[in-house]
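These notes concern the structure reproduced below.
Bear in mind that the values in this text are calculations on the coordinates, not laboratory data. Predicted model only: the values in this text are computed from it and were never measured. Quick reminder, even Gly has a Cβ in these numbers, built from the backbone with ideal geometry, and neighbours come from all protein chains shown.
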Amino acid sequence: MPEAIGCPRRRGLLAIGTAACLSMPALQARAAAPWPADRPVRIIVPFTPGGSTDILARAVAQRLGEDLRQTFVVENRGGAGGTVGTEFVARSAADGYTLMMGHIGTLAVNPALYPNLPFDTLASFQPVALVATVPNILVVNPKAVDVRDVAGLIRLAKSNPGSLTFGSGGNGSAAHIAMVAFNQATGTSMTHVPYKGTGPMMTDLISGQIALTMTGGPPALPPVRSGQLRALGVSSLTRLDSAREIPTIAESGVPGFDAVQWYGLVAPAGTPRAVVDRLNAECNRILQEPGLKRRLEAEGAQFSPGTPEDFARLIGSERERWGQLVRQANVQAD
C-alpha cells in the first residue's frame, strides 16, 4: 500500500528532519561567527555613575564600539561595595558579551572585606586587559581645611585626632583603603564618612560637608583645576605627567607612600581565548591612540599595556597586599 508509506505523519517527520538538516549550516555559521557578531557587548560597572571606574569604562566602550563596529553598552550595577555587579558578571555566560571594568577594590580588596563572597576574584574571572593605573590625589576643601600641603594636614590631624572627616565611595572602597594606609603611615586619625559611590561623595566634598578625600584623578582633577578643591599630594611614587605641579605624598614627608588604583577589563571564567586575545589586542591598541591617551592622561590615568597574564599577576599580588591591610586595620564592610 504505497499510500501508507507516504502517510501525513511520516511526511511531517520527513519535513522536520529535512528542515533540521537544512538549518544546520546556518547554526554552524552562527556558532563560528567572529566575535562580536550579533548583539551588543555589555561592560558592567559595579558602582554608581560618576567615579573613575565609570569614566574609564565609558571612554573605552566608546572606542571599542567604533573600532569593532558593534555597540558596547556601559551598565551600572552598584551595591555592597561593588559585589552586586561583580557577582552578576561572575554568573554571566562566558561568551564575550558580558565584561566588567574591574578595579583594585572589586578584585583585590573585597575578598578580604567580604570573606563569604559567592565567587572568587581569581577563579571566577578571566583577566582581559589592564586599562590604566590611576594614582589617588589627596584633596581638601580649602574652605573647610586651611592647609596647603601634606605636612600641614598631618600636623592638623595630629593636633585634633578624629576631628577631620574624609569621604569615600563606601567602606572598603579604594579611597577608603588609601586613607587607611595614609593614617597608618603618618600616625594620624581621621573620621571616615562612607557614601554610596564616588559621585555623591565628591558632591558633598565640594559643598564642604566633608573635609577631604584621596581618590582617583578622573573625579578629583576637574574640581582642583576649577579651584573648588585643593590638591595636596599624589599617591604614586612619581608625579603625574598631566599635573606636575602636584608633589607626591612620598616626597612630602611620607617616604615610600604608594597607593595607586588600577582598572581593567575582566570576563567570566571560561570565556573563549580567541575573544580574550582579541579584546586584549584592541584595548592595547586604542589606549595608545593619541586622542584617547590625551583625554585620559588629562584626568590622571596612566596606561600600562600588557597581556592577560600580566593583569592576572597584578590582581594576585594586589589581593595579597591590600587584603593584609584590611585585616590589620580591621576594616569592616557596610
**Fill in**
For the chain, the longest principal axis of the Cα atoms and the Cα long axis of helix 174-186 enclose an angle in degrees, to the nearest 10, of 30
**Fill in**
Note, the stretch 34-46: 3J(HN,Hα) by Karplus (6.51, -1.76, 1.60, θ = phi - 60°), whole Hz, Gly/Pro = x, goes x, 7, x, 9, 10, 7, x, 9, 9, 10, 7, 10, x
**Complete:** Note, the stretch 187-201: 3J(HN,Hα) by Karplus (6.51, -1.76, 1.60, θ = phi - 60°), whole Hz, Gly/Pro = x, goes x, 9, 9, 10, 8, 7, 10, x, 10, 8, x, 5, x, x, 5
**Prompt:** Taking amide hydrogens as modeled 1.01 Å from N in the peptide plane, which residues meet the under 5 Å criterion relative to residue 215, leaving out close sequence neighbours?
**Reply:** 137, 139
**Net charge of neighbours whose Cβ lies under 13 Å from the Cβ of residue 285, counting Lys and Arg as +1 and Asp and Glu as -1** = -2
**Message:** I'm spelling it out carefully: the read-out is log10 I(q)/I(0) by the Debye sum over Cα atoms at q = 0.07, 0.10, 0.14 Å⁻¹, the candidates are [x] -0.33, -0.59, -1.06; [y] -0.49, -0.79, -1.14; [z] -0.25, -0.53, -1.11, and one was derived from this structure. Which label?
**Reply:** [x]
**Asked** So for the chain, taking the charge dipole from beta-carbon charges (+1 Lys/Arg, -1 Asp/Glu), which of 114, 128, 270 sits furthest toward the positive end?
**Response** 270
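Hey, got a sec? Which trypsin sites (Lys or Arg not before Pro) in the stretch 139-195 land in a DSSP loop and have at most 14 other Cβ atoms within 10 Å?
Details: sites: 143, 148, 155, 158; in loops: 143, 148.
Sites meeting the loop and neighbour criteria: 143, 148.
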**Prompt:** From the residues 203, 240, 179, which one has its Cα farthest along the dipole of the stretch 135-252 in the positive direction, the dipole being from +1 and -1 charges on Cβ of Lys/Arg and Asp/Glu about the Cα centre?
**Reply:** 203
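If you take all C-alpha pairs in the stretch 243-318, what percent of them are over 18 Å apart?
Working: 1589 of 2850 pairs.
The share of Cα pairs beyond 18 Å in the stretch 243-318 comes to 56 percent.
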**Prompt:** Length gain on complete extension for the stretch residue 294 to residue 151, per 0.36 nm per residue less the alpha carbon to alpha carbon distance?
**Reply:** 48.3 nm
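What size of dipole, in debye to the nearest 20, comes out for the stretch 135-252 about its Cα centre when the only charges are +1 on Lys and Arg C-beta atoms and -1 on Asp and Glu C-beta atoms? Don't skip to the end; give the middle numbers.
Values: 9 positive and 6 negative charges, 21 e Å.
My answer is approximately 100 debye.
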**Message:** Run the simple label-point estimate for residue 317 and residue 183 please: 7 Å along Cα→C-beta, distance reported in nm.
**Reply:** 2.8
**Message:** Between 0 and 90 degrees, rounded to the nearest ten: what's the tilt of helix 273-286 against the longest Cα principal axis of the chain?
**Reply:** 50
**Request:** Treat every Asp and Glu Cβ in the chain as -1 and every Lys and Arg Cβ as +1, leave all other atoms uncharged, and give the resulting dipole magnitude about the Cα centre to the nearest 20 debye.
**Result:** 460
**Message:** Taking 25 Å as R0, compute the FRET efficiency from the Cβ-Cβ separation of residue 329 and residue 238 and round it to 0.05.
**Reply:** 0.45
**Fill in**
Diffing the stretch 145-154: the Karplus 3J(HN,Hα) column from phi (6.51, -1.76, 1.60, θ = phi - 60°), in whole Hz with x for Gly and Pro, holds 9, 8, 10, 10, 8, 4, 4, x, 5, 4
**Complete:** Reduced to Cα centres, the span from the stretch 77-151 to the stretch 219-242 in Å works out to 21
**Request:** Just rank 73, 84, fewest to most, by other beta-carbon atoms within 10 angstrom.
**Result:** 73, 84
**Prompt:** Hey, what angle do you get for helix 8-31 against the long axis of the chain, alpha-carbon based, 0 to 90 degrees rounded to 10?
**Reply:** 40
